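Data block below; observations after.
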Amino acid sequence: MAEQLGTEGVYGSPLRELADVAPGARRFSPLTPGAEALEDLADASLTRIVVAAPPGAVEHRYVLAQALRVLAPGGELIALAPKDKSGSRLRKTLESLGCSVEETARRHHRICQVRRPQACDGLAEAIAEGGPRIAPNLGLWSQPGVFSWDRLDPGSAQLLATLPDFVGRGADLGCGVGVLARAVLKSPNVTSLALVDIDRRAIAAARRNIDDPRASFAQADLREPAPLLTDLNFVIMNPPFHDAGAEDRRLGQTFIRRAAAMLKKGGTCRLVANIGMPYEAILAECFKTVTPLGQRQGYKLFEARK
Ligand SMILES: C[S@@+](CC[C@H](N)C(=O)[O-])C[C@H]1O[C@@H](n2cnc3c(N)ncnc32)[C@H](O)[C@@H]1O
């Protein structure tokens with residue numbers, strides 16, 4: 001018998017005290033491994049959805065347009081965001097998509113409630129604008145909302161400028177759309193490269209950007225302690241230091257721990273970090289030798305050997 005899927009959904013992680021989410025609601029998020037993709041849902045599939053609206057302008061409009069697309073006419077959309085992170089433009093965005101909006105404010109959030117009209121305005125355009133596409137500055141597949149989606153991150157540029165010729169089995173942790181991995185795979189001595197990122201959109205873009213049988217792709221949360229990979233010769237990474245929009249220095253430290261756990265004895269980890277990031281102590285704790293490779297333009301680079 002076909003599984004009966006629910007008709008209530010929740011996108012992202014809205015503050016529970018600000019919006020009721022049904023216990024059986026289907027979970028949608030590009031940033032939670034295992035969550036469904038809103039993009040994959042047929043039109044008019046849901047009767048209610050609660051959306052934690054993302055901050056970036058194009059992604060914000062895209063997610064709200066997707067939420068309206070998957071709602072049946074008359075269905076309820078509750079959208080919320082902190083006032084200073086796109087909450088202040090929620091109402092305007094929803095009105096521009098053809099909705100009548102009731103808005104309230106609580107705990108520094110704006111909360112908008114709408115009933116999906118029979119016909120919305122501009123959904124297809126908003127969805128096309130926020131969907132996967134080639135970012136001209138990168139010349140690569142990307143998507144608004146992905147890390148540094150339309151330009152090379154200056155820290156990654158520093159790492160690229162000092163890449164050694166890697167050898168053997170490796171991983172690119174927090175791979176984004178695959179900028180570093182593409183450079184690593186230029187070495188014929190690399191036998192395999194695992195690209196790992198928490199962002200499903202980044203992994204989907206990386207798959208399109210890298211056509212190489214040595215590459216494998218995984219959407220995974222590297223905060224999970226279960227070993228994803230073992231016995232690697234090398235790891236490359238530009239570790240994140242933001243979680244859900246807030247600075248979290250422990251995230252980069254966790255990446256360093258995971259890299260060390262994945263490497264074989266003698267394996268190396270190359271990483272770049274903003275100069276202010278406190279990574280030296282954790283590098284010294286996890287690796288046998290740590291070689292600083294210099295500081296440039298606000299970034300510091302390391303090679304750590306296990
Ligand atoms: C600083 S960006 C680097 C991206 C890419 N390597 C580049 O150079 O453009 C860090 C990446 O880590 C990913 N990330 C953040 N938290 C993560 C987590 N808990 N597990 C896995 N990846 C994560 C982000 O989605 C982002 O793509």
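Bear in mind that the values in this text are calculations on the coordinates, not laboratory data. Keep in mind that what you see is a predicted model, and the values were worked out from it rather than measured. Methodologically, a virtual Cβ is constructed for each residue, glycine included, from the backbone with ideal geometry; neighbour enumeration extends over all protein chains shown.
Between Ala128, Ala205, Ala53, the Gaussian network model of the chain with springs among Cα atoms under 10 angstrom shows the greatest mean-square fluctuation at Ala128. The distance between label points at Ala284 and His108 comes to 3.5 nm (points 7 Å beyond Cα on the Cα→Cβ vector).
Sequence-ordered 3J(HN,Hα) estimates for region 151-167 from the Karplus curve with 6.51, -1.76 and 1.60 and θ = phi - 60° stand at 7, 6, 5, x, x, 5, 4, 5, 5, 4, 6, 10, 5, x, 7, 6, 10 Hz, glycine and proline given as x. With the simple model of a label 7 Å out from the Cα in the direction of the Cβ, Leu152 to Ala42 spans 4.6 nm.
The Cβ shell under 9 Å around Gln219 holds other residues with a net charge of -2, Lys and Arg each +1, Asp and Glu each -1. Largest GNM mean-square fluctuation among Asn189, Asn233, Asn209, using the chain with Cα springs under 10 Å: Asn189. Of the trypsin sites (Lys or Arg not before Pro) in region 79-134, the ones in a loop by DSSP (not H, G, I, E or B) with at most 13 other beta carbons within 10 Å are Arg107.
If you take every DSSP beta bridge whose two residues both sit in the chain, what share of them, in percent to the nearest 5, is antiparallel? The antiparallel fraction comes to roughly 45 percent. For region 55-178, relative contact order (Cα pairs under 8 Å, six or more residues apart, normalised by length) works out to 23 percent. The relative contact order of the chain comes to 11 percent, based on Cα pairs under 8 Å that sit 6 or more residues apart. Just subtract the alpha-carbon distance of Ala72 and Val167 from 0.36 nm times their residue separation and send over the number in nm, one decimal. So the extension gain works out to 28.9 nm. Charge tally around Glu95: other residues with Cβ under 15 Å, Lys/Arg +1 each, Asp/Glu -1 each, net +4. For region 133-305, the antiparallel share of DSSP beta bridges with both residues in that region comes to about 45%. For Lys186, the lysines whose Cα falls under 26 Å of its own Cα, not counting residues fewer than eight places away in the same chain, are Lys264, Lys265, Lys300, Lys306. Considering only Ala246, Ala22, Ala37, the Gaussian network model of the chain with Cα springs below 10 Å gives its largest mean-square fluctuation to Ala246. Label sites at Arg208 and Ala261, each approximated as a point 7 angstrom past Cα along Cα to Cβ, lie 3.3 nm apart.
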